[in-house]
Each structure stands twice: as C-alpha cells, then as structure tokens.
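Every read-out reported here was derived from the displayed coordinates using simple, explicitly stated rules and does not represent laboratory data. In this text the structure is predicted, and so the values were computed from the model without any measurement. When we count neighbours, we look across all protein chains shown, and the Cβ atoms used for this are built from the backbone with ideal geometry, even at glycine.
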C-alpha cells in the first residue's frame, strides 16, 4: 500500500515537471518569428513540436494578462481597465473563431494545436503588459505613452508574425490572406486593450 502511494507521488511529481518544462519549451518556440529565417527554430520545432492539446501554457498566459489588465477594485465604477472575465472571454473566443476560420478554409493544423499556437503567441503581449505596468508606475505623460506605444507595437508585430509563421503555412497558398487577417485583428484588439490601459 505504501509503495503504491509513493509511486503515485513520484509519477505525479514527474508529470508536473514534464508539464512545466513543456510549457517553457513551447514559450521558447513561440519567441521565434519565422523558422525559415532562424536555423535554431528548425531545431526546436523538430525536437520539441507543439503537442496537439497542450493548453496549460496558454491558460497561464491568458490568466496572467487578464490579471494585469484588471483595473483597480471591483466596486469602482471608473476603473481603468477591462474586467478579468472580459479579457478571458475575448482571448479564448477570439482564438476559437480564428481556429474555426482556419479549419473551414482547409487548414491542415488540428483544432487544439491551433488554439495552442494562438495562446502561446500571447506571450509577447503579456510581456508588453508587464513593461507597460512598470512604465505607468513611473508616471503617466507623453514620454510614458510613447514608450508604451513602441513596446506594444513591437510586441504586437512579434505575436502576429510568430502565429502566422505557424498557422499560415498550414493553409492552401490562395487562402493565406484570409487566415492572416483575423489573426491580425485578434492581436490588435489585445494590443489596444494593453495600450489604452490606465491604472485607477
């Protein structure tokens, strides 16, 4: 009996370590813009492919972003940001719509793998939100806005390029623009929420 309990604890610990390492590896994969331009990306994609149903990393990134966008106390009527549920729903509903669009246009990537890619590509925007929160701690003004604008635009481009490198290549050549446009809008809305966020 004691051996079974011990082996279950070891297996559970081993699974948690594997999950944590997997999330870290997939975040690293997402940071590359285009695997054709980065030889290290080809290595990472060959040896650490994105699994079909890993949604732990996207969930952590989505919750982190939603918490950072949370503005002030819940009883305040004039708080400066969207509520947690709004951000959560926008990210997941948007990812599902883009995935369905991709599948309906004849994409070869699986449903959950597409959700996984879109979720992991929120990582640069989560970093942008963290930087913007730190900049806003120093004060708000023209210089603060310019710094936040530059950071958000750079991370928006990074997220869009990283996700289209994965998703657009799974589409027929004559339909790539129909897939890239919704991805652009999806990350644009998230970037707009980050840029327009003002703390209470």
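Residues that are within 18 Å of residue 117 (Cα to Cα), crowded, with 16+ Cβ neighbours inside 10 Å and in contact (Cβ under 8 Å) with a residue 24 or more places away in the chain: does the stretch 136-157 have at least one? Within the stretch 136-157, one or more residues are within 18 Å of residue 117 (Cα to Cα), crowded, with 16+ Cβ neighbours inside 10 Å and in contact (Cβ under 8 Å) with a residue 24 or more places away in the chain. Of the residues making up the stretch 104-131, just one is under 19 Å from residue 54 (Cβ atoms) and surrounded by fewer than 15 Cβ atoms within 10 Å (Cβ to Cβ), namely 108. The residue list 84, 93 contains one member that is free of Cβ contacts under 8 Å to residues at least 60 places away in the same chain and within 28 Å of residue 144 (Cα to Cα), which is 84.
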